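Take a look at the structure below.
The values are calculated or read from the model by the stated rules, or taken from the named source; none is laboratory data. Predicted, not measured: the structure shown is a model, and the values here were computed from it. No Cβ is skipped: glycine too gets one built from the backbone with ideal geometry, and neighbour counts run over all protein chains shown. The area values use the complete protein model at the heavy-atom level, side chains included, leaving out ligands, DNA and RNA. Shrake-Rupley method; radii C 1.70, N 1.55, O 1.52, S 1.80 Å.
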Amino acid sequence: MKHPYLEMINNREPIIFDGALGTEIQKFEPSKKDFGGYDGCNEYLNITRPDLIETIHCKYLEAGAHVIETNTFGASRPKLEEFGLGDRALEINKAAAAVARGAINKCGGTKNRFVCGSIGPTGFLPSSNDKELSTVTFEKLADIFQEQAQGLLEGGADLLLIETSQDLLEVRAAIYGIRRLERLTNQKIPLQVQITMDAGGHMLLGSDIYAFLGAVQAMGADIAGLNCSTGPDEMAPWIDKLLEKSTLPVSMLPNAGLPCNIDGKAVYKMESAEFADKVLPFVAQKGVSVVGGCCGTSPDHIRALAQALENVKAARRQKRSCFLSTSISGIDLEQASRPIIIGERLNTQGSKKTKEHVLNRNFDELYQIAKEQIDHKSSLVDICVAANELDVSEAQTMGDVVKFLSDRIAVPFCIDTTEPAVLEAALYKSPGSVLINSINLEHGGEKARKILRLAADFGCPVIALTIDDAGMAATAQRKLEVASALRKLACDEFGLPEHFLYIDPLVFTLATGEVHMAGAANESLKALRMIKKSFPNVRTAMGVSNVSFGLKPKARRILNNLMLHHAVLAGLDAAIYNPLHIDDVNKYDSKIRELGEDLLLDRKRDALQRFVEFFENETVSAVSEIKKTTSVQSTLLSSPQERLRGAVLNRDKRGLTETIRELLKTTAATDILNTILLPAMSEVGEKMADGEMILPFVLQAAEVMKEAVSILEPHLKEAGSAAKGKIVIATVYGDVHDIGKNLVASILRNQGFEVVDLGKQVAIGTIVEAVKREKPDAVGLSALLVTTSRQMAECVKEFSRLGINVPVIIGGAAVNKEFASRITRLDNGSDYASGVYYARDAFDTSKILNSVSSSKR
């Protein structure tokens with residue numbers, strides 16, 4: 001039987017979640033005694049004040065909520081460790097679910113009411129290539145989330161919610177850990193996954209809706225949606241996109257508009273009636289299945305929503321898709337134009353250049369090869385790193401390459417390996433689903449089963465080769481027989497949807513001259529037609545260029561394109577191919593095309609000989625219609641100034657040392673820094689502010705900047721201008737959110753500033769001691785919560801009282817320019833002498849730092 005929660009969704013009954021919990025807790029003004037010595041840890045109130053939490057739950061149930069979330073948003077082991085409570089994670093989560101269950105028993109009435117176990121982010125950013133932000137493994141995260149889920153389920157949770165997520169690899173680790181727990185306990189729990197996006201439609205690390213769907217849709221989520229960050233209006237375009245593209249039911253839990261910081265208090269001005277009016281059409285007209293509220297919403301908002309949705313059915317919607325993604329974006333293979341081109345050049349077994357770069361761990365060059373294929377319309381990029389000469393294991397190398405590329409390119413990966421350990425390493429590093437290349441039925445399908453287990457767990461489609469213990473299927477009939485066995489294994493035994501299976505009927509080279517192989521291409525084309533007819537929902541793939549292996553390059557290009565053309569006509573869905581060599585065969589010289597098709601379609605006995613002789617005898621002009629490709633190197637900018645600026649803007653470290661050495665012959669190091677590098681980073685900041693550059697690209701540009709500064713550093717020291725300025729930064733006391741602060745610190749360091757990072761939950765006394773010890777040019781204070789932003793004002797007052805004269809830069813979601821102006825004014829009516837500045841991001845901070853540090857010199 002279906003779970004009652006999912007049954008309600010199936011019946012198009014709108015499900016209503018509760019609203020904000022944290023702000024409701026604040027209304028009770030819990031004392032230090034209530035917190036049991038763990039001041040500010042709301043989750044510990046499940047132990048010390050279960051009555052308070054139960055009261056809030058009951059208010060939401062009485063308002064009409066079907067679902068109440070447990071008070072466990074920050075109850076994962078690493079978040080609780082910030083209060084010294086990590087070892088009590090299981091206990092606290094179990095207690096929280098029991099409190100919520102008690103509230104339903106007490107106030108839930110006789111209708112369906114559900115306890116939802118809330119699972120928030122850990123604070124890690126595992127998708128990031130910044131080492132300071134991603135200090136956790138996939139396996140560790142999966143363990144963390146499995147532990148939290150276990151406590152919630154033991155306490156009585158009916159479903160689980162991964163919410164307010166900012167990193168897709170963390171989301172996938174959470175899903176993996178939860179589904180692993182289900183298998184261990186032999187139960188199936190509905191799983192809802194919600195991310196948070198800014199008004200521009202991006203998560204913190206730049207991921208868009210397509211990346212989100214590629215990460216969660218096939219991996220085991222039952223519902224996908226958005227919560228927090230914005231109100232209904234700002235969230236609307238991205239909910240619309242989810243409704244358009246997702247096969248899953250969609251949830252929508254916005255804030256009550258955007259907050260205002262008024263005297264250290266978060267004020268959400270959207271009233272309950274307006275909130276309900278804005279959410280209602282998403283259910284009734286567009287088909288959102290689950291609604292509720294996040295920050296700023298109260299029992300009044302939920303009551304208005306429940307009244308508005310009384311007797312309303314969610315609109316119907318239906319969609320079939322197969323999303324793959326990286327950290328940045330994704331693609332729906334079902335909607336992609338045919339043939340889907342899988343770029344084949346990042347393959348150590350097919351490219352000497354790629355093998356050389358993999359062995360030398362020159363990942364910047366690998367990125368350029370990937371980028372060139374994407375620029376030529378590759379929809380996916382095939383990655384194979386197998387090589388006997390590797391210094392480290394193939395699995396580690398694959399994981400390293402996937403991690404490096406995942407926040408640099410927007411098209412998904414096709415992981416090219418038959419080794420389960422290598423595939424697993426890639427999946428542990430990939431923020432989205434990948435296409436797996438490949439499985440076969442050798443050794444009774446032993447390896448295939450291991451790979452299919454991973455495919456099912458991680459929501460990945462699979463290329464399946466028509467090979468079994470009898471060898472590679474050569475005839476169309478044998479190819480169909482093996483294809484049937486592969487479909488049975490993948491779809492019946494492991495539950496993959498049929499459209500997740502890509503059958504490769506194999507292509508053999510026509511260059512051997514062996515009589516029995518002359519019809520090989522024809523057999524493959526015939527097999528394509530038979531497979532599409534027998535299994536219309538199964539997809540097909542092909543390594544097309546195998547058909548010409550052993551021929552000269554010009555002959556290969558002609559034959560490959562003709563094979564691709566005829567394979568698409570036969571029903572080919574995806575081709576592993578070099579996108580730089582795709583031609584329009586209709587523009588080929590008729591003689592070339594006739595010779596090629598004679599060989600391909602086995603129309604003449606001497607077809608191979610005639611085809612080979614043509615390319616040996618004819619001049620280049622005979623194939624003048626073949627497109628010429630342009631080398632990446634030819635696009636390099638001419639002047640060293642432009643090359644250095646371009647290196648920062650394009651996040652390209654290649655040739656950096658040579659470019660700077662060339663510049664140093666005519667330009668002082670300080671001028672290179674001040675007239676080229678710093679303006680380039682300012683451009684990066686402007687692009688980020690305008691939404692033209694996402695955060696991972698900004699961090700990569702900052703890495704280039706860091707390397708450039710390190711090359712210049714000896715010359716800057718000679719000129720007496722190595723130090724750019726020093727800043728002490730901290731997240732204020734009571735606030736455990738430090739992701740934004742860490743990002744700012746990373747970018748500032750990469751621009752050459754000295755950063756003294758005091759961490760999070762930093763008391764004012766600790767900040768004062770650091771200022772006296774470090775004598776910085778400025779102090780940076782961060783706060784995510786409006787309540788903790790008051791600490792900023794107190795810090796400014798304490799500096800003034802002690803006679804400390806240092807500029808204060810404030811930032812974070814809870815503050816703005818007006819707030820900075822207000823806390824500049826002291827209680828005696830005077831202004832803080834050194835000034836309080838608001839910085840929107842790291843680039844604003846950099847400008848302020850440059851200004852205040854230069855004024856001291």
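The mean accessible area for residues of the chain, using a 1.4 Å probe and ignoring ligands and nucleic acids, is 40 Å² per residue. Helical content of the chain, expressed as a calculated mean residue ellipticity at 222 nm, amounts to -14000 deg cm²/dmol (DSSP H runs of 4 or more residues, -39,500 (n - 2.57) each, divided by residue number, nearest 500). Treating the angle as unsigned and between 0 and 90°, give the value, to the nearest 10°, between the Cα long axis of helix 786-802 and the longest Cα principal axis of the chain. The two axes meet at around 60 degrees.
Using only the alpha carbons of the stretch 528-596, what is the convex hull's orientation-averaged projected area in square nanometres?
If you wrap the Cα atoms of the stretch 528-596 in a convex hull and average its projections, you get 5.0 nm².
Taking only alpha carbon atoms, the stretch 339-584 gives an Rg to Rh ratio of 0.95, where Rh is the Kirkwood radius.
Ordered by 1.4 Å accessible area with all protein chains kept, Asp300, Asp364, Asp598 run largest first as Asp300, Asp364, Asp598.
Which of the pairs Lys111/Lys313; Lys131/Lys775; Lys353/Lys706; Lys188/Lys241; Lys450/Lys488; Lys717/Lys772 have their Cα atoms more than 19 Å apart in this structure?
Working: Lys111/Lys313 17 Å; Lys131/Lys775 28 Å; Lys353/Lys706 28 Å; Lys188/Lys241 28 Å; Lys450/Lys488 15 Å; Lys717/Lys772 26 Å.
Long pairs (Cα-Cα over 19 Å): Lys131/Lys775; Lys353/Lys706; Lys188/Lys241; Lys717/Lys772.
Using Cα pairs closer than 8 Å and at least 6 residues apart in sequence, work out the relative contact order for the chain, in percent. In percent, rounded to a whole number, it is 8.
Can you flag which of Lys319/Lys533; Lys286/Lys319; Lys371/Lys847 are past 21 Å Cα-Cα? Could you put the intermediate results ahead of the total?
Details: Lys319/Lys533 23 Å; Lys286/Lys319 13 Å; Lys371/Lys847 32 Å.
Over 21 Å apart, Cα to Cα: Lys319/Lys533; Lys371/Lys847.
So if I place +1 on the C-beta of Lys and Arg and -1 on the C-beta of Asp and Glu, and nothing else carries charge, what would the dipole magnitude of the stretch 725-856 be about its Cα centre? I want it in debye, nearest 20.
Values: 16 positive and 14 negative charges, 33 e Å.
With only Lys, Arg, Asp and Glu charged at Cβ, the dipole is about 160 debye.
Given a 1.4 angstrom probe, I'd like the percentage of the accessible area of the chain that is carbon and sulfur, rounded to a whole number. Result for the chain: 48 percent of the exposed heavy-atom area is carbon or sulfur. Phi-derived couplings, Karplus 6.51 cos²θ - 1.76 cosθ + 1.60 at θ = phi - 60°, listed residue by residue for the stretch 95-108: 5, 4, 5, 5, 4, 5, 4, x, 5, 5, 4, 8, 10, x Hz, with x used for Gly and Pro. With the largest listed first and rounded to whole Å, the semi-axes of the equivalent ellipsoid of the stretch 88-238 from the Cα gyration tensor are 26, 20, 14.
Do you know the relative contact order of the stretch 339-584, to the nearest whole percent, from alpha carbon pairs under 8 angstrom that are 6+ apart?
Details: 458 pairs, mean separation 43.2, N = 246.
Contact order relative to length: 18 percent.
Each DSSP beta bridge with both residues in the stretch 436-591 is either parallel or antiparallel, and the antiparallel ones are about 15%. Distance between the 7 Å Cα→Cβ label points at Asp831 and Arg610: 8.9 nm. Distance distribution note for the stretch 725-856: the fraction of Cα pairs above 26 angstrom is 10%. Its relative contact order, with pairs defined as Cα atoms under 8 Å and 6+ residues apart, puts the stretch 455-537 at 35 percent. For the stretch 640-719, the spread of Cα coordinates along the three principal axes comes to 38, 21, 18 Å, biggest extent given first. Computed from backbone phi, the HN-Hα couplings of the stretch 112-119 come to 4, 9, 10, 9, 10, x, 7, 10 Hz, rounded to whole numbers (Karplus: 6.51 cos²θ - 1.76 cosθ + 1.60, θ = phi - 60°; Gly and Pro given as x). Note on the stretch 166-281: Kirkwood radius taken over Cα pairs, Stokes-Einstein applied at 20 °C and 1.002 mPa s, translational D equal to 139 µm² s⁻¹. DSSP bridge analysis restricted to the chain gives an antiparallel fraction near 15%, rounded to the nearest 5.
Look at the dipole of the chain built from charges on Cβ: of Phe363, Met563, Ile328, the Cα furthest out on the positive end belongs to Met563. A probe of 1.4 angstrom, applied to the heavy atoms of all protein chains, finds Asp777 with accessible area near 30 square angstrom. Note on the chain: percent of Cα-Cα distances in each 20 Å bin, starting at 0 and stopping at the bin with the largest distance, equals 14, 41, 33, 11, 1, 0.
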